[in-house]
1. What's the FRET efficiency of Glu9 with Phe131 using the Cβ-Cβ distance as r and R₀ = 25 Å, to the nearest 0.05?
2. Which ³J(HN,Hα) values in Hz, rounded to whole numbers, follow from the phi angles of the range 154-161 under the Karplus curve 6.51 cos²θ - 1.76 cosθ + 1.60, where θ = phi - 60° and Gly and Pro get x?
3. Whose amide H sits under 5 Å from the amide H of Gly188, counting only residues 5 or more places off or on another chain, with H placed in the peptide plane?
4. Points 7 angstrom from Cα along the Cβ direction at Val19 and Glu75: gap in nanometres?
5. Give the long-range amide H neighbours of Gly183: residues separated by 5 or more places, or on another chain, with amide H under 5 Å away, using H modelled in the peptide plane at 1.01 Å from N.
6. Using the Karplus curve 6.51 cos²θ - 1.76 cosθ + 1.60 with θ = phi - 60°, what ³J(HN,Hα) values do you get for each residue of the range 41-50, in whole Hz, with x for Gly and Pro?
7. Any number yet on Rg/Rh for the chain, C-alpha, Kirkwood?
8. Roughly how big is the range 138-195's charge dipole about its Cα centre, with Cβ charges of +1 (Lys, Arg) and -1 (Asp, Glu), in debye to the nearest 20?
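What follows is calculated from the coordinates using simple rules that are stated; it is not laboratory data. No experiment lies behind these values; they were computed from the predicted model shown. When we count neighbours, we look across all protein chains shown, and the Cβ atoms used for this are built from the backbone with ideal geometry, even at glycine.
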Amino acid sequence: MPGVYESGEVDLAGMIVGVVERGHIVDGKRIGVGDVILALPSTGLHTNGYSLARRVLADLDWNESRPELGSSIGEALLAVHCSYLVPVQRLWAAGIDIRGMAHITGGGVIDNLPRILPSGIGAVIQRGTWFEPPIFDLIQELGSITNEEMFHVFNMGLGILIVVSSDQAEVATSILADVTRVGTIVRGSGSISVE
């Protein structure tokens, strides 16, 4: 992390450890072809991609209000990371059978979603089905970054992906106002296609 971990300095980080009963573990093993991928939105970069963002945006005034962002660059970069625990608990309480969850952190969609997919399974993500915070457009444009690299470094507005059966997708979207249907599970070998 260039510019963050400096020689002679100390970095203090926090973490959370959870406990779950074995019978309630959501490990992705039951994900199957035809299942639906839902997304809860991110508020911005969350915790990843800052080295690239700082490099691309270094020459700009981070305090100046930018109409395309609806804020300053500094405010957009410091948008608070939201917790997905309460929305996930609401889905469980309503009887939604969550087959898999992928928190989109370092490695973006490209690295995180395949981690929960069983062998022989892939996914198609339909770009344009969710809101992408405009900070990502600014970074991509100024840095001349490919779509593939953007989806590998950043969450692109996808905070957490939740896989449910196709017959429960509509119920899930009626329970949570901000959940969006963003993709489908297909045959494949862990491949992720963003179209």
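1. After rounding to 0.05, the efficiency reads 0.10.
2. 10, 7, 6, x, 9, x, 9, 9
3. Under 5 Å from the amide H of Gly188: Ile121, Gly122.
4. 4.3 nm
5. Under 5 Å from the amide H of Gly183: Ile37, Gln126.
6. My calculation for the range 41-50 gives x, 8, 9, x, 5, 6, 10, 9, x, 5 Hz in order.
7. On the way: Rg = 17.7 Å, Rh = 17.9 Å.
Reported Rg/Rh, Kirkwood definition of Rh: 0.99.
8. Working: 2 positive and 7 negative charges, 32 e Å.
Using only the charged Cβ atoms, the result is roughly 160 debye.
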